[in-house]
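The values are calculated or read from the model by the stated rules, or taken from the named source; none is laboratory data. Please read all numbers here as calculations on a predicted model, not as lab measurements. The accessibility values were calculated without ligands, DNA or RNA, using every heavy atom of the protein model including side chains. Shrake-Rupley method; radii C 1.70, N 1.55, O 1.52, S 1.80 Å.
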There are 2 protein chains.
Amino acid sequence: MILKSPRTVKSSQSLPDPTAQSESFRANREARRKVLVEDYVELISDLLEESQEARQVDIAARLGVSQPTVAKMLARLVADGFVVQKPYRGVFLTEAGQKVAEEARARHRIVEAFLRALGVSEESVLVDAEGIEHYVGDETLAAFKRAIDGGLHDFINRLVTR
Amino acid sequence: MILKSPRTVKSSQSLPDPTAQSESFRANREARRKVLVEDYVELISDLLEESQEARQVDIAARLGVSQPTVAKMLARLVADGFVVQKPYRGVFLTEAGQKVAEEARARHRIVEAFLRALGVSEESVLVDAEGIEHYVGDETLAAFKRAIDGGLHDFINRLVTR
DNA sequence: AATATAATATAGCTATTGCTATAATTAAGG
DNA sequence: CCTTAATTATAGCAATAGCTATATTATATT
């Protein structure tokens with residue numbers, strides 16, 4: 001049996017194809033750009049459901065940023081067609097905004113439920129889900145959903161027979 | 001039996017405590033700041049292992065950004081004490097840099113292995129792991145590890161008995 | 001109806017991360 | 001040793017996301 005010389009033996013976990021890797025990083029920079037929009041829209045939707053209004057000060061308090069920062073972001077969300085502002089009455093979601101909010105919330109809830117099912121503490125669930133939700137692609141999300149409800153057998157089998 | 005008036009009935013999935021929520025968002029903004037550092041250091045470590053050198057052009061190609069962008073980031077990494085530059089010989093990791101790289105890589109591999117175990121396609125694993133790894137706290141990471149190797153029973157039980 | 005309070009707007013600053021275009025320097029080959 | 005090609009540095013611009021301080025404007029209370 002002939003062994004490769006140590007020099008040419010690649011580490012078991014070698015680097016991915018450069019193009020694929022740069023595409024990953026690009027995709028993630030792209031995702032990062034959507035994070036803020038999703039966070040704002042999702043939060044506005046939650047606030048509207050809870051108290052029928054979403055004001056800059058409330059949004060600011062929830063996000064832990066200043067009111068002018070919120071004002072600036074809202075201008076962008078208005079420009080993007082996700083929210084409308086009723087002067088001194090807070091902000092409301094457009095159709096497009098509601099759609100984004102629903103998708104984001106669905107995603108968020110699945111990630112949360114999944115982490116809970118894994119036995120993660122409530123505190124960590126809150127923090128980690130907030131970060132993870134934006135980077136979970138459709139396929140991974142489907143896998144999470146499968147693991148939570150129903151398709152448990154597939155999941156177990158995969159883990160057992162690997 | 002007295003029912004609350006519809007107005008005061010909160011939706012089943014009510015908003016988290018404002019303080020807790022703003023802390024979540026703060027924590028995630030914090031995490032976001034570390035993302036680039038981890039990405040660079042992890043990649044530099046991989047390049048060094050693979051070819052004993054890590055030049056700006058290679059890093060740029062892998063990350064899908066321009067060389068001047070890399071140059072600027074490297075200046076920061078040098079200032080932060082994670083890398084050293086040998087003129088026209090590329091960059092190398094300090095002790096601190098190697099530590100960060102190892103932690104990041106370990107994290108990355110666990111997330112990848114976990115997603116694979118869930119049945120996610122290789123392509124999605126690459127992209128999603130890159131995004132998710134930075135937002136997985138220690139506790140969640142431990143849960144991932146448990147789910148992959150060994151503590152499978154706990155995991156299944158939790159899913160079954162919830 | 002006048003005024004106090006709450007809500008929003010605006011000005012102006014900083015830091016970060018990206019870019020292009022171009023200069024400067026080193027390493028390598030002839 | 002000299003030149004070319006590779007590598008890195010630098011200048012200068014733009015967009016994003018944050019801040020404080022302050023002005024403005026509605027709402028609501030008296």
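Put simply, the amide H of A:Val83, placed in the peptide plane, has neighbours under 5 Å in A:Val78, A:Thr94, leaving out anything fewer than 5 places away on its chain. Taking every protein chain into account, the accessible area of the range A:27-161 amounts to 48 square angstrom per residue (probe 1.4 Å). Among the listed pairs B:Lys99/B:Lys145; A:Lys72/A:Lys145; A:Lys99/B:Lys145; A:Lys145/B:Lys99; A:Lys99/A:Lys145, those with a Cα-Cα distance over 26 Å are A:Lys72/A:Lys145; A:Lys99/B:Lys145; A:Lys145/B:Lys99. Only protein heavy atoms count here; on that basis, with a 1.4 Å probe, B:Asp138 has an accessible area of about 110 Å².
Association of chains A and B removes close to 5600 square angstrom of accessible area from solvent, both sides included, for a probe radius of 1.4 Å.
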